[in-house]
């Protein structure tokens with residue numbers, strides 16, 4: 001898995017032509033989902049066309065993986081709104 005992450009990063013360049021050292025989490029996520037889809041489909045041979053179509057439709061809408069879970073740290077304290085921070089010039 002690390003190999004494909006490195007190879008996908010190696011192709012990333014910014015407009016100045018230099019390599020991008022930052023990992024794009026969205027590209028890694030997309031590649032991971034695609035790899036998992038190929039893996040799970042690779043050993044399944046559904047002969048009934050109705051069932052096969054149903055499985056393809058479910059896979060197309062992402063039924064194999066749940067939505068990502070996002071949460072805040074319970075000890076998080078607000079620093080104010082974006083407008084408040086802009087007024088005091090926080091960067």
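The values are calculated or read from the model by the stated rules, or taken from the named source; none is laboratory data. Everything quoted here is computed from the prediction, not taken from an experiment. Here the Cβ positions follow ideal geometry from the backbone for every residue, glycine too, while neighbour counts run over all protein chains shown.
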Within region 41-56, the count of residues that are modelled with pLDDT of 85 or more and not in a loop (DSSP other than H, G, I, E, B) comes to 8
Filtered residues of region 57-91 (kept if touching a helix residue (DSSP H, G or I) at 6+ places or on another chain (Cβ under 7 Å) and assigned to a loop (DSSP other than H, G, I, E, B)): 64, 65, 79
